[in-house]
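Peer 1: Pasting a structure here, questions to come.
The values are calculated or read from the model by the stated rules, or taken from the named source; none is laboratory data. All values reported here derive from a predicted model rather than from experimental measurement. Note that each Cβ is placed from the backbone with ideal geometry, even for glycine, and that neighbours are counted across all protein chains shown.
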Amino acid sequence: MDFGSVIYKTDWEKADKYFKKLNGFSIRINENKDEELIKIYRDADVGKQEFSKFFYRLKPDIKDIDKIIKDYRYAYGSSKKLNRGILKIVRFLKNKGYLILGFTDINEVHYEANKEDGLYEGFEEVFASFKFGILKCDERAFQMLEKELKRYNLKPEECLFIEDWLPNIENAKKAGFKTIHYEDFPKVEKLKKEIEKILGLRNKT
């Protein structure tokens with residue numbers, strides 16, 4: 001299961017407002033034309049650069065990087081809208097004995113913040129792009145995932161992958177995974193029916 005736009009969405013405007021109030025500079029990059037800054041951000045998602053370099057690029061004279069990262073993690077963590085419907089489904093499936101695994105494109109700072117916030121509770125393991133060194137939009141990511149699943153004696157065709165971004169769904173299908181393309185955040189009624197159909201649960205989620 002994916003996380004961003006499936007289990008949560010981050011209100012980056014809210015996060016930026018909080019962070020900027022404390023530190024005097026913005027963390028938004030969607031309108032930033034600094035290609036090196038964008039590269040650092042993307043490289044952090046695949047573990048090629050430390051995320052701290054992102055802040056030094058924004059403000060080279062930072063004196064206390066630990067405080068900056070702490071403030072950022074709080075801003076990021078407190079600005080999420082959780083999909084409680086999906087979290088309920090996760091708990092239900094876990095209680096039914098299903099193995100719940102996560103697979104997410106994320107940098108280490110975001111990963112640790114999510115972990116501290118308890119977002120990974122109920123998941124046996126969360127596979128992350130910064131550990132794999134590759135994003136899910138690359139077919140090789142699912143080949144790596146397949147190797148990891150062998151530790152659980154699982155094959156792709158025995159797994160159901162839920163994701164919001166279609167290119168990742170297509171890569172999962174190519175690797176043999178059952179998939180659900182989830183586009184209705186935060187609604188879950190359609191998703192529940194699809195899960196029930198695939199898993200044969202008969203209106204029990």
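Peer 1: Please tell me if PHE92 is surrounded by fewer than 17 Cβ atoms within 10 Å (Cβ to Cβ) and either touching a residue at least 40 places away in the same chain (Cβ under 8 Å) or touching a helix residue (DSSP H, G or I) at 6+ places or on another chain (Cβ under 9 Å) (or both).
Peer 2: Yes.
Peer 1: Still on this structure, I have one more. Kindly indicate which of ARG151, ARG73 is in a helix (DSSP H, G or I), over 13 Å from the mean Cα position of the chain (by Cα) and closer than 21 Å to TRP12 by Cβ.
Peer 2: ARG73
Peer 1: Here's another thing I want to ask about it. Could you check, for the range 174-190, whether at least one of its residues is assigned to a helix (DSSP H, G or I) and closer than 19 Å to LEU135 by Cα?
Peer 2: yes
Peer 1: Still on this structure: For the range 6-63, enumerate the residues that are closer than 30 Å to LYS190 by Cβ, of a type in the set (Asp, Glu) and under 18 Å from the mean Cα position of the chain (by Cα).
Peer 2: ASP11, ASP45
Peer 1: Sticking with this one: Would you check which residues across the range 95-130 are assigned to a loop (DSSP other than H, G, I, E, B), over 21 Å from LYS155 (Cβ atoms) and free of Cβ contacts under 8 Å to residues at least 24 places away in the same chain and list them?
Peer 2: GLY118, TYR120, GLU121
Peer 1: Can you pull out every residue in the range 95-112 that is of a type in the set (Gly, Ala, Ser) and surrounded by fewer than 21 Cβ atoms within 10 Å (Cβ to Cβ)?
Peer 2: Residue satisfying the conditions is GLY97 alone.
Peer 1: Also, I was wondering about something else. Here are some residues: LEU93, LEU101. Which one is over 15 Å from the mean Cα position of the chain (by Cα) and not assigned by TED's automatic domain parsing to the domain that holds LYS21?
Peer 2: LEU93
Peer 1: Another one. Do we find a residue being surrounded by 14 or more Cβ atoms within 10 Å (Cβ to Cβ), farther than 30 Å from LEU199 by Cα and touching an Asp or Glu at 6+ places or on another chain (Cβ under 6 Å) anywhere in the range 68-88?
Peer 2: Yes, there is a match, as at least one residue in the range 68-88 is surrounded by 14 or more Cβ atoms within 10 Å (Cβ to Cβ), farther than 30 Å from LEU199 by Cα and touching an Asp or Glu at 6+ places or on another chain (Cβ under 6 Å).
Peer 1: Let me ask something additional. Only residues that are surrounded by fewer than 18 Cβ atoms within 10 Å (Cβ to Cβ) and over 25 Å from ILE134 (Cα atoms): list them for the range 19-30, please.
Peer 2: LYS20, LYS21, LEU22, GLY24, PHE25, SER26
Peer 1: Does ILE68 satisfy being within 23 Å of LYS17 (Cβ to Cβ), touching a residue at least 40 places away in the same chain (Cβ under 8 Å) and part of a helix (DSSP H, G or I)?
Peer 2: Yes.
Peer 1: Name the residues in the range 37-58 that are surrounded by fewer than 15 Cβ atoms within 10 Å (Cβ to Cβ) and either over 24 Å from PHE132 (Cβ atoms) or in contact with a strand residue (DSSP E or B) (Cβ under 6 Å, 6 or more places away or on another chain) (or both), would you?
Peer 2: Passing the criteria: only TYR56.
Peer 1: Testing ALA141 on (1) outside any helix (DSSP H, G or I); (2) within 28 Å of LYS190 (Cα to Cα), one condition comes back false. Which one is that?
Peer 2: Condition (1) is where ALA141 drops out.
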